[in-house]
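First up is the structure itself, then whatever we jot down about it.
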Amino acid sequence: QVQLVESGGGLVQPGGSLRLSCAVSGTIIGGNPVGWFRQAPGKQREVVAHITTLGNTNVKDSVKGRFTISRDNAKSTVYLQMNDLKPDDTAVYYCHILGTSLWGQGTQVTVSS
């Protein structure tokens, strides 16, 4: 059974940083592109960043220069480093194996003073 477990969310002040982790078990993530998505209250889920099997990355324009996605295939973990966080980044963050129906349960990120 494949499981994706996110962690690392929390409450942070504007300008602060968090690193989210997505630990994947039950499958080898090296052969799959993985993405981070987020959903704010009352809004649709949106892609934040994704990373290909070759390690190429793409991030949403509004987080470019602040967020970085990376993966450690040996640890079956994908990370999202988030710096200079803003209140608009407040959302539940999910990881997802692209091209599948596999999602994590989400981790809450709240940016507030």
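Tabulated results
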{"quantity": "Residues satisfying the stated conditions in segment 19-44, i.e. closer than 14 Å to Gln108 by Cβ and open to solvent by 30 Å² or more (accessible area, probe 1.4 Å)", "calculated": "Phe37, Gln39, Pro41"}
{"quantity": "Flag for Gly15 being under 18 Å from Thr68 (Cβ atoms) and not in a strand (DSSP E or B)", "calculated": "yes"}
{"quantity": "Hey, Ser62 hydroxyl-bearing (Ser, Thr, Tyr), open to solvent by 20 Å² or more (accessible area, probe 1.4 Å) and not in a strand (DSSP E or B) or not", "calculated": "yes"}
{"quantity": "Verdict on Thr68 being part of a loop (DSSP other than H, G, I, E, B) and surrounded by 15 or more Cβ atoms within 10 Å (Cβ to Cβ)", "calculated": "no"}
{"quantity": "Close pairs (9 angstrom Cβ cut-off, 6 or more residues apart or separate chains): under 11 Å from Val48 (Cβ atoms) in segment 64-76, of a type in the set (Lys, Arg) and at pLDDT 90 or above anywhere", "calculated": "Arg66/Lys86; Phe67/Lys60"}
{"quantity": "Condition met for Arg71 (in contact with a helix residue (DSSP H, G or I) (Cβ under 9 Å, 6 or more places away or on another chain) and at pLDDT 95 or above)", "calculated": "no"}
{"quantity": "Residue match in segment 73-87 (condition: touching a Pro at 6+ places or on another chain (Cβ under 7 Å) and part of a loop (DSSP other than H, G, I, E, B))", "calculated": "yes"}
{"quantity": "Residues (among the hydrophobic types (A, V, I, L, M, F, W, C), at pLDDT 95 or above and over 20 Å from Ala23 (Cβ atoms)) located in segment 48-65", "calculated": "Val59, Val63"}
{"quantity": "Unmet criterion (only one of (1) in contact with a Phe, Trp or Tyr (Cβ under 8 Å, 6 or more places away or on another chain); (2) open to solvent by less than 60 Å² (accessible area, probe 1.4 Å); (3) at negative phi) for Trp103", "calculated": "(2)"}
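Results for (1) touching a strand residue (DSSP E or B) at 6+ places or on another chain (Cβ under 8 Å); (2) in contact (Cβ under 8 Å) with a residue 12 or more places away in the chain, shown as yes or no for each residue.
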site	(1), (2)
Leu11	yes, yes
Val24	yes, yes
Gly31	no, yes
Val47	yes, yes
Thr52	no, yes
Asn56	no, no
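The values are calculated or read from the model by the stated rules, or taken from the named source; none is laboratory data. Keep in mind that what you see is a predicted model, and the values were worked out from it rather than measured. Ideal geometry is used to build each Cβ from the backbone, glycine not excepted, and the neighbour counts take in all protein chains shown. Each accessible area value is taken on the protein alone, full model and side chains, heavy atoms only, with ligands, DNA and RNA left out. Shrake-Rupley method; radii C 1.70, N 1.55, O 1.52, S 1.80 Å.
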